[in-house]
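Peer 1: Dropping a structure here in structure tokens format, bear with me for questions.
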Amino acid sequence: MYQYSLIWFINLYVQSLANSPKSDVLEERIENIIDHFTVSIYNNVCRSLFEKDKLLFSLLLSIGILKGKNEIDDKVWRFLLTGGVALENPYPNPASEWLSDKAWAEIVRASGLENLTGLMDHFESHVQAWKAIYDSAKPQEEAFPTGWNKLTGLDRMVVLRCLRPDKIIPATQLFIMEKMGKTFIEPPTFDLVGSYNDSNCCAPLIFVLSPGADPMAGLLKFADDLGMESIQTISLGQGQGPIAAKMINQAINDGTWVVLQNCHLATSWMPALEKICEEVIVPENTHVKFRLWLTSYPSEKFPVSILQNGIKMTNEPPKGVRANLLRSYLNDPISDPVFFSSCEKKEIWHKMLFGLCFFHALVQERRNFGPLGWNIPYEFNESDLRISLRQIQMFLNEYEETPFEALTYLTGECNYGGRVTDDKDRRLLLSLLSLVYCKEIETQECYTLSPGGEYYIPPFGTYQVRKRNGGSSHYLRTLPISTHPEIFGLHENADITKDNQETNLLFDGVLLTLPREAGGGGKSPQETVEELAQDVLSKLPDDFDLEHVMKLYPVLYEESMNTVLRQELIRFNRLTEVVRSSLISLGKAIKGLVLMSSELEEVFNSMIVGKVPAMWAAKSYPSLKPLGSYVTDLVTRLVFFQEWIKHGPPNVFWISGFYFTQSFLTGVSQNYARKYTIPIDHIGFEFEVMGKEHTMEEMPEDGAYVKGLFLEGARWDRVDMQIGESFPKILYDALPIIWLKPGESSKFLHERIYLCPVYKTSARRGILSTTGHSTNYVLSIELPSDLPQKHWINRGVAALCQLDD
């Protein structure tokens, strides 16, 4: 939906010529025009951007202007975005107890930049001084250790990227403020009046919608304020197009307004609308007071010419639990006094109403935490809340006792749960709902909804938001504006995860806009990629000899692992073949010996920014690692299987090393089923976490030892041998060796455990493959816990086969 035309751009420029401060001194006049035009571009573009993209635009604008003044070193800029590209780091990490290997590798690579030469050596000799920066709550504002405290601008941001990538967003804001001024980090608020004043009768005004935003109420009030009595609205859909066209034709002559809602639902009629805008709504036929208003979610089918020539606006709902609760209370149906007071059991009605609004705020705001919040980000909306509220009222009026079970089923499985497609997300939804749909809400006074007690069900009669005098709820307005992760049931580390995701989104957004340029060290992009390709090729071992493996490990009834091994090798051979052939072809294409096809160009462009090419990913196991880590990981997997072929099955299997992990688990179950002649569908796994981290003396009698899993959202307490709370700033904890013990699942005791899902990557979401498995979910393991399972479900705790770096 972000489309802008040259005519629109020139128009803004002409306005700046007219409206900027005048001066007889030529240099001053030019300066005034540039300043006015820059702010005008920023404000006009910002009002049509979603919140998440405003800082991205501001950064691109700042960098673009500074590049024009020759104040940006392109190598530093690219390093900030990519962290540099290299396959391995030969220098040992001097502070491995608190500094990740990824951060250390980036420090090593950053030392190759002109202004940061010697950073690595200084870090090694002043570890404690740098640790103070790492531990700081606001490292972006701290003075760096002596010798590096003079760093400014992008150089300073590069060091911060290495140590604390979660603070890049506030550091970016500081950078923009320093270089451009405060105006450019404070986007203009939604301003309907301003947008209207900038419009004319032939330019449509377009609301770009986002979940939870409804501009109609504001628009109707604005029309009322202007004294616009006749305003026609129609929601587009099947068969509504001709009616809308008729409305427009009528309104052009009468000078009234037409509002076409939900244009994204009438994609087949969009070409007709484009034609109307170009041929019918022209200055000579159109009444000067006529306006065409459109609302639409982002859609590829929306006509580009309308987007380019119209005035676009976004109006997103405010963020945070407090804003969400206020919005629910000020909107229909709660704001309707008849609905609010039509329940016979006033006290429990008011309590459950508040409880449900709080739940509605939780499920929406958890989306901000990415996969830690929900595996799949669902679009829960006001209609889910509305129907659930009506059901609460109906049930309370019809039943003597509050039917919590029926309400839980309707709200958790039907209204909200109907949107949920992932069973782990459904488990979470019901866990969050049990917080408010429970007996305690009825019996306890000021029932608390959060660990700190800040959020509670207010006493009866204190929070009808709409009082007759128009006053607002005192309690809701006393709640904190920003919400601590604990309120959602998450650990405080979840904020770091969220900030890291925002940093990645910002950098990925910038990389999409960049032209293909030099890689670094004064080399051309071609040289950089050629070197990288040679480096990767030199590390790749030869393909596995399947015939030789078949002789060593033939298909045996009592050893299913032989079949698992063969299938894995076939898959890895396919992958290495694609990697090898694409790199060889790319080398030839760079030299001009063969044609550079679109696929090879994509490989080239991915390698220059350190990403895994799509051609490889299509044949690969799921992975979110950057190029360097991906190659290292792939080679480690190949070595794991080479060792297996050479020395026989290992005592401890590296579960993360399998391409298709489910086949390994099936192999373990099958061996047990055949050994004891039990039907395989009666077999499940019990889990025992061992005291050892990496190796075992011998294989177990039954089942298998596995290693290579990482806990996210919690840690493994090695003293009490159970799951425990994460340490601050430690986002992942490596699990020790786990013994998968097969047995008859009907005999298992599931006591004092947390059923922890295992995923291949931190994205957690996958697609259902033809085998019926999600492409990301592996299995669920039982981990001992002294806290109720609900605690860890709300924490979003899961085990991952691999990390992202």
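The values are calculated or read from the model by the stated rules, or taken from the named source; none is laboratory data. None of the values given here were measured: they were computed from a predicted structure. Reconstructed Cβ throughout: ideal geometry from the backbone, glycine too, with neighbour counts over all protein chains shown. Accessible surface is based on the protein model in full, side chains and every heavy atom, while ligands, DNA and RNA are left aside. Shrake-Rupley method; radii C 1.70, N 1.55, O 1.52, S 1.80 Å.
Peer 1: For Leu17 and Leu556, what does the FRET efficiency come to when R0 = 60 Å and r is the distance between their Cβ atoms, rounded to the nearest 0.05? Working shown, then result.
Peer 2: Working: r = 84 Å, r/R0 = 1.40.
Efficiency, rounded to the nearest 0.05: 0.10.
Peer 1: Percent of alpha carbon pairs in region 280-406 separated by more than 23 Å?
Peer 2: That tail contains 54 percent of the Cα-Cα pairs.
Peer 1: Could I ask something else about it? Let me confirm the definition first: pairs of Lys residues in region 678-767, 8 or more apart or on different chains, C-alpha distance under 17 Å. How many are there?
Peer 2: Within region 678-767, the lysine pair count is 4.
Peer 1: What translational D, rounded to a whole number of µm²/s, comes out for the chain from Stokes-Einstein when the hydrodynamic radius is the Kirkwood one over Cα pairs, at 20 °C and 1.002 mPa s?
Peer 2: For these conditions, the coefficient is 70 µm²/s.
Peer 1: Let's test this: bin the Cα-Cα distances of region 67-165 at 10 Å from zero up to the farthest pair and state each bin's percent.
Peer 2: Bin by bin from 0 Å, the calculated values are 15, 53, 29, 4, 0.
Peer 1: Another question, if that's okay. Which whole-number percentage describes the relative contact order of the chain, with Cα contacts under 8 Å and a sequence gap of 6 or more?
Peer 2: 11
Peer 1: Then there is this: When the Karplus curve 6.51 cos²θ - 1.76 cosθ + 1.60 is applied with θ = phi - 60°, which whole-Hz ³J(HN,Hα) does each residue of region 681-688 get, with x for Gly and Pro?
Peer 2: Ordered by residue, 3J(HN,Hα) equals 6, 8, 9, x, 10, 9, 10, 10 Hz.
Peer 1: If you average the alpha carbon positions of region 292-335 and of region 384-421, how far apart do those two centres end up, in angstrom?
Peer 2: About 28 Å separates the Cα centre of region 292-335 from the one of region 384-421.
Peer 1: Next question. Return the carbon/sulfur percentage of the accessible area of region 275-381, one whole number, probe 1.4 Å, all protein chains in place.
Peer 2: Values: 2130 of 3980 Å².
Carbon and sulfur: 53 percent of the exposed surface of region 275-381.
Peer 1: If you roll a 1.4 Å probe over the heavy atoms of the protein chains, what accessible area per residue do you get for region 201-349, in Å²?
Peer 2: Each residue of region 201-349 exposes 45 Å² on average to a 1.4 Å probe.
Peer 1: Now for a different question. According to a simple spin-label model (label point 7 Å from Cα along Cα-to-Cβ), what is the distance in nm between Leu514 and Ala734?
Peer 2: Between Ala734 and Leu514, the label points sit 3.1 nm apart.
Peer 1: Using Cα-Cα distances under 8 Å and only pairs 6 or more residues apart, what relative contact order does region 408-462 have, in percent?
Peer 2: Normalised by residue count, the contact order of region 408-462 is 22 percent.
Peer 1: Given points 7 Å out from each Cα along the Cα-Cβ axis, report the Leu624 to Glu698 separation in nanometres with one decimal.
Peer 2: 4.2
Peer 1: While we're here: Which entries of Lys675/Lys790; Lys67/Lys523; Lys539/Lys588 have Cα-Cα distances beyond 26 Å here?
Peer 2: Lys675/Lys790
Peer 1: Now for a different question. In whole Hz and in residue order, list the ³J(HN,Hα) couplings for region 299-310 that follow from phi through the Karplus curve 6.51 cos²θ - 1.76 cosθ + 1.60, θ = phi - 60°; x for Gly and Pro.
Peer 2: Running phi through 6.51 cos²θ - 1.76 cosθ + 1.60 with θ = phi - 60° gives 8, 5, 8, 5, x, 5, 5, 5, 4, 6, 9, x Hz.
Peer 1: Moving on to the next point. Each residue of region 705-721 in order: what ³J(HN,Hα) in whole Hz does its phi give by Karplus 6.51 cos²θ - 1.76 cosθ + 1.60, θ = phi - 60°, with x for Gly and Pro?
Peer 2: So the J values, rounded to whole Hz, are 8, 10, 9, x, 9, 10, 8, 10, x, 7, 9, 8, 7, 6, 8, 8, 6.
Peer 1: Of Met561, Met247, which has the most accessible area with a 1.4 Å probe, and how do the rest follow in descending order? Spell out each step's value before the answer.
Peer 2: On the way: Met561 10, Met247 35 Å².
Ranking Met561, Met247 by accessible area, largest first, yields Met247, Met561.
Peer 1: If you don't mind, another one. Using Cα pairs under 8 angstrom and six or more residues apart, how large is the relative contact order of region 119-211, in percent?
Peer 2: 16
Peer 1: Take a quick pass over region 213-347 and tell me how many lysine pairs come in under 26 angstrom between Cα atoms, counting only ones 8 or more apart or on separate chains.
Peer 2: For region 213-347, qualifying lysine pairs total 13.
Peer 1: Just the number: Rg to Rh for region 1-154, Cα atoms, Kirkwood Rh, two decimals.
Peer 2: Radius of gyration over Kirkwood radius for region 1-154 works out to 1.11.
Peer 1: Would you please give the FRET efficiency between Asp135 and Glu486, computed as 1/(1 + (r/R0)^6) with r the Cβ-Cβ distance and R0 = 22 Å, to the nearest 0.05?
Peer 2: The formula returns an efficiency of 0.55 here.
Peer 1: Per 0.36 nm of contour for each residue apart, how much would the distance between Asn573 and Val639 grow if the chain were fully extended, relative to their Cα-Cα spacing?
Peer 2: 22.5 nm
Peer 1: If each DSSP helix of 4+ residues adds -39,500 (n - 2.57) and the sum is divided by the residues in the chain, what number results at 222 nm, nearest 500 deg cm²/dmol?
Peer 2: -14000 deg cm²/dmol
Peer 1: Could you check the spin-label model distance between Gln534 and Arg752? Points 7 Å from the Cα along Cα→Cβ, value in nm.
Peer 2: Label-label distance for Gln534 and Arg752, simple model: 6.1 nm.
Peer 1: Per residue, what volume in Å³ does the Cα convex hull of region 105-262 take up?
Peer 2: Numbers: hull volume 31.4 nm³, N = 158.
In region 105-262, the Cα hull volume divided by residue count equals 199 Å³.
Peer 1: While we're here: Given the Cα-Cα distance of Asn70 and Asp804 and 0.36 nm per residue of separation, how much length would full extension add, in nm?
Peer 2: On the way: separation 734, 0.36 × 734 = 264.24 nm, distance 3.50 nm.
Value of the extension gain: 260.7 nm.
Peer 1: Summarise the accessible area of region 67-110 (1.4 Å probe, protein heavy atoms) by the percent that is carbon and sulfur.
Peer 2: 46
Peer 1: Which GluC sites (Glu not before Pro) in region 730-797 pass both tests, a DSSP loop state and at most 16 other beta-carbon atoms within 10 Å?
Peer 2: Sparse-neighbourhood loop GluC sites (Glu not before Pro): Glu751.
Peer 1: Between Asn43 and His474, what length in nm is gained on full extension when 0.36 nm per residue of separation is reduced by their alpha carbon distance? Mind showing how you got there, number by number?
Peer 2: Details: separation 431, 0.36 × 431 = 155.16 nm, distance 3.47 nm.
Gain on extension, Asn43 to His474, equals 151.7 nm.
Peer 1: Also: Given a 1.4 angstrom probe, what's the average accessible area per residue across region 355-490, in square angstrom? Don't jump to the answer; show the numbers that get you there.
Peer 2: Working: 6010 Å² over 136 residues.
It amounts to 44 Å² per residue over region 355-490.
Peer 1: Could you compute the FRET efficiency for Ile243 and Phe50, with r as their C-beta to C-beta distance and R0 at 35 Å, rounded to 0.05?
Peer 2: 0.70
Peer 1: How large is the Kirkwood hydrodynamic radius of region 193-350, in angstrom, based on all distinct alpha carbon pairs?
Peer 2: With all distinct Cα pairs of region 193-350 included, I get 17.4 Å.
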